[in-house]
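Contents: one structure, followed by commentary.
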Amino acid sequence: MPDGRAGSGRLERRYRRLLRWYPPEHRNVHGDEMLAVLLAAARAAQEKPDRADVADLIAAAVRIRLRPRGALSDGPGWGDALAVFSVAAPLLMLVSTSLCLWAIDIWAPASSGPVADVSRLVFFGQALVVPFVLFNARHWAVVAAAIPGLFWLVLAALALVVGRFVQGAVDSVEYPVLASVLEVVALSASPGPGRGLQLMRGRHWALLGVAAVPAAALSPVLAPLQSAQAGLPLSAALLWLRAALGLAPAGVFFAIPLVLVLAVLLGMWLSSAAGKRMAVLFGSLAGPYLAIVLVQHFGGAVSVTPVFVAAFAAAVVAAYTVLVAAGRGRRRGPAVRRRIDTGR
Amino acid sequence: MRPAPRSPRSRVAPSLFPMYRLAVYNKGMSIRPLQEPAFLILTSLAAGPQHGYGIMADVTKISTGRVRLRAGTLYAALDRLSSAGMLDVDHEEIVDARLRRYYRLTPAGRDRLTAETARLRANAAAAAGRLGLADA
């Protein structure tokens, strides 16, 4: 090994500065080791890092930062919950949106205007994510999951220019925007859908299938049905349930899908620590809509605006980040910080 | 609904040093051909445990000077390979107040390198045969 220690003080500082390009998790594990290799490979009395080394370090650091890694998934709890969510959320969206479209086709075929067409597009967007998730193709799943969100951005931009016609379409795809944001977070911050598939057992798949029905009943994708009765999405849920279950549209049945969704979330929350995390994830997916249904049920008037959904998505992501960062701060004990004293 | 397919790739054994597994890569490293740096790193470790600088020097030697790994590329590859369960930390030393961490091939890494070698050999034999090279 060549003696790279000559003039190494300045060189070492410069290499340390370059290593700051790497994420802290990577630096904690490989930082000292990389520094040792860089200094060992240095020429005698070298004071500046090689240009080729600088380019290589920065390029590798950027690649590592772009890698889907367990940024939020430090600790098995959140990582596993996000992994399961990354599989379950697109499936839930796919099944519930297909139920909605089926309901629209049966009961309101005349309403297939731009809004229903957009719902269909969103449906295909979700359908696109599902196979990638099932085959554990995480990168492609991230791309597919991001499409509804990007699509909505384009529509929203168009709405600013063109006006009302597109505005309707923008309103009807807000829901997938939230799902899109949450799915991208779950896919990129968890160990991946492969882990989710590994963790999911028969009863989880069954629960997913059952939960899709009330989720569909609450879905804003049923919006075209609202002309039948005032209020969204409660009346749509009612219409859908009445026809699907053969129930009379009387009092208590208004609340059936709402109660079912809340019951599923509560059951998750109570089942285990992992279940609690799942309840938080699914609750944030359903949150704005549950809130609106509740407000409408008690006679209030709320409409889901794009700003509301975007703000909610941002708040949820921020909350996850804070939660997980706090958890990581606690866990990162002296074992991970096993740094070697290099005389600095 | 279809029961969950069990992914054999996510069956990475819990490491003795879980903190070295930064990225939990379930992605198709076991299906796609290995990239050249990864192949050369595994080849270097096939002879026995080796530290970072040792791997760098060995890779240059194995590739007869054609491939010169730099620290960034080397550690990105080491991180990826250890996440995929192909290598693990063997031991650590402090030399001249500097950390030296030795890596070794895991059985999964050895299998992967064997499979990759067979694939390359078959391709090379086919090419040599069609080109009418002597050692076909």
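Below are the figures for this structure:
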quantity	calculated
Every residue from region B:97-115 that is small (Gly, Ala, Ser) and either in a helix (DSSP H, G or I) or crowded, with 21+ Cβ neighbours inside 10 Å (or both)	B:ALA108, B:GLY109, B:ALA115
Region A:39-65, subset more than 8 Å from chain B (Cβ to nearest Cβ) and assigned to a helix (DSSP H, G or I), residue surrounded by the most Cβ atoms within 10 Å (Cβ to Cβ)	A:VAL54
Residues of region B:94-135 classified as more than 14 Å from chain A (Cβ to nearest Cβ), among the basic types (Lys, Arg) and under 23 Å from B:ASP79 (Cβ atoms), total	3
Count of region A:22-38 residues which are more than 7 Å from chain B (Cβ to nearest Cβ) and over 26 Å from the mean Cα position of the chain (by Cα)	4
A:GLU183 being among the charged types (D, E, K, R) and modelled with pLDDT under 80	no
Of the criteria (1) away from chain B (no Cβ under 12 Å); (2) at pLDDT below 85, which one A:ARG16 fails	(2)
Failed condition for A:TYR175, given (1) modelled with pLDDT of 70 or more; (2) under 14 Å from the mean Cα position of the chain (by Cα); (3) of a type outside the set (Val, Ile, Thr)	(1)
Odd one out for B:LEU69 among (1) surrounded by fewer than 20 Cβ atoms within 10 Å (Cβ to Cβ); (2) within 13 Å of another protein chain (Cβ to nearest Cβ)	(1)
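For every residue, the table says whether it meets (1) of a type in the set (Val, Ile, Thr); (2) under 19 Å from B:ALA46 (Cβ atoms).
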| residue | (1), (2) |
| --- | --- |
| B:THR73 | yes, no |
| B:ALA76 | no, no |
| B:LEU81 | no, yes |
| B:MET86 | no, yes |
| B:ALA97 | no, no |
| B:ARG101 | no, yes |
| B:ARG104 | no, yes |
| B:PRO107 | no, yes |
| B:ARG112 | no, yes |
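The values are calculated or read from the model by the stated rules, or taken from the named source; none is laboratory data. Owing to the predicted nature of the structure, the values given are computational and were not obtained by experimental measurement. Neighbour counts run over all protein chains shown; Cβ positions are idealised from the backbone, glycine included.
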